[in-house]
Amino acid sequence: MAVIQYGEKEITYKIQKKKIKNLYIQIQNGEVIVKVPYRMKDNTIQEFVQKKAKWIAENLKKEKQKPQEEITPQKIENLKNTIQMATQKYTNQLKVYPNKIRIKNIKYAWGSCSSNRNITINAKLANKSKEAIEYVVLHELCHLKEMNHSKKFWDLVEGCMSDYKVYRKELR
């Protein structure tokens, strides 16, 4: 953990060294994460974070103001039903079949698809619309055909749900 001063406040941030070219900042659950290339020097990182201190402070404040909706057992049950219906609909349409689908709390995405054909759906989708949930299920099922985000992948998504961009925006 590292700290910079911004006005009267101290901003604490975590550095994650990764195999990437550029450094960037993420705010997740009130935590500031700075992802940097392996060989980047600490003073370069600190200068970057200091330059972005205003942006960080504003976004931390925004995140604190967001209401956190509770995920009730009834919402999880509705989520399961929607996932099951969407899975049936799109597996038949795409002719793809996952090994298993599970619901978990994921911090980094709305859904994921492994090379073992296992799909994980974020439990936080329980607070989103039925259509947004269907979009995530479709998105992950399309990865069973295209394990990337190429034009071919997006054409596959659009072929099944022409208005997917509306629901994708809801998830931002």
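The values are calculated or read from the model by the stated rules, or taken from the named source; none is laboratory data. All values reported here derive from a predicted model rather than from experimental measurement. Positions of Cβ are backbone-derived with ideal geometry, glycine not excepted, and every protein chain shown enters the neighbour counts.
For the stretch 74-84, give me each residue that is without any contact (Cβ under 8 Å) to a residue 12 or more places away in the chain and under 15 Å from Leu138 (Cα atoms). Give the steps one after another, and end with the answer.
First, pick out the residues of the stretch 74-84 that are without any contact (Cβ under 8 Å) to a residue 12 or more places away in the chain: 74, 77, 81, 84.
Listed by number, the residues that qualify are Asn81, Gln84.
Could you grab me the full set of residues in the stretch 114-172 that are charged (D, E, K, R), touching a helix residue (DSSP H, G or I) at 6+ places or on another chain (Cβ under 8 Å) and under 22 Å from Thr72 (Cα atoms)?
Of everything in the stretch 114-172, those that are charged (D, E, K, R), touching a helix residue (DSSP H, G or I) at 6+ places or on another chain (Cβ under 8 Å) and under 22 Å from Thr72 (Cα atoms) turn out to be Lys128, Lys130, Glu131, Glu134, Glu170.
Tell me yes or no: at least one residue of the stretch 30-40 is out of contact with any Lys or Arg (no Cβ under 9 Å at 6 or more places or on another chain), farther than 30 Å from Val137 by Cβ and surrounded by 13 or more Cβ atoms within 10 Å (Cβ to Cβ).
Start the filter on the stretch 30-40 by keeping residues that are out of contact with any Lys or Arg (no Cβ under 9 Å at 6 or more places or on another chain), which leaves none.
No, every residue in the stretch 30-40 fails to be out of contact with any Lys or Arg (no Cβ under 9 Å at 6 or more places or on another chain), farther than 30 Å from Val137 by Cβ and surrounded by 13 or more Cβ atoms within 10 Å (Cβ to Cβ).
Across the stretch 71-101, which residue is nearest to Asn127 (Cα to Cα) among those that are among the charged types (D, E, K, R) and loosely packed, with under 11 Cβ neighbours inside 10 Å? It would help to see each step written out before you state the result.
We begin by selecting, within the stretch 71-101, every residue among the charged types (D, E, K, R); these are 75, 77, 80, 89, 95, 100.
Retained after the next criterion (residues that are loosely packed, with under 11 Cβ neighbours inside 10 Å): 95, 100.
Numbers: Lys95: 29, Lys100: 22 Å.
It comes out as Lys100.
Can Gln88 be described as in a helix (DSSP H, G or I), without any contact (Cβ under 8 Å) to a residue 60 or more places away in the chain, within 20 Å of Leu156 (Cα to Cα) and among the polar types (S, T, N, Q)?
Judged against the criteria, Gln88 is a match.
Listed residues Ile15, Ile56, Ile45; which is under 18 Å from Tyr108 (Cβ atoms) and either surrounded by 12 or more Cβ atoms within 10 Å (Cβ to Cβ) or of a type in the set (D, E, K, R) (or both)?
Ile15
Pairs, please: C-beta under 7 Å, at least 6 apart or cross-chain, first residue not assigned by TED's automatic domain parsing to the domain that holds Gln84 and in the stretch 103-132, second surrounded by fewer than 18 Cβ atoms within 10 Å (Cβ to Cβ)?
Taking only residues 6 or more apart or on different chains, not a single pair turns up.
Please state which one of Glu134, Glu158 is at pLDDT 95 or above, under 16 Å from the mean Cα position of the chain (by Cα) and of a type in the set (Asp, Glu).
Checking each option against the conditions leaves just Glu134.
I want to confirm something. Restricting to the stretch 161-172 and keeping residues that are surrounded by fewer than 12 Cβ atoms within 10 Å (Cβ to Cβ) and modelled with pLDDT of 95 or more, which single residue is nearest to Tyr97 (Cα to Cα)?
If we take residues in the stretch 161-172 being surrounded by fewer than 12 Cβ atoms within 10 Å (Cβ to Cβ) and modelled with pLDDT of 95 or more, then Ser162 is nearest to Tyr97 (Cα to Cα).
Look at Ile106 and say whether it is in a loop (DSSP other than H, G, I, E, B), aliphatic (A, V, I, L, M), within 23 Å of Gln74 (Cβ to Cβ) and within 16 Å of the chain's Cα centre (by Cα).
Values: in a loop (DSSP other than H, G, I, E, B): yes; aliphatic (A, V, I, L, M): yes; within 23 Å of Gln74 (Cβ to Cβ): yes; within 16 Å of the chain's Cα centre (by Cα): yes.
Considered against the rule, which asks whether it is in a loop (DSSP other than H, G, I, E, B), aliphatic (A, V, I, L, M), within 23 Å of Gln74 (Cβ to Cβ) and within 16 Å of the chain's Cα centre (by Cα), Ile106 comes out as yes.
May I ask you to say which residue of Glu77, Glu63 is of a type in the set (Asp, Glu), part of a helix (DSSP H, G or I), out of contact with any helix residue (DSSP H, G or I) (no Cβ under 8 Å at 6 or more places or on another chain) and modelled with pLDDT of 95 or more? Reasoning before the result, please.
Details: Glu63 fails: modelled with pLDDT of 95 or more.
Sole residue among the options that is of a type in the set (Asp, Glu), part of a helix (DSSP H, G or I), out of contact with any helix residue (DSSP H, G or I) (no Cβ under 8 Å at 6 or more places or on another chain) and modelled with pLDDT of 95 or more: Glu77.
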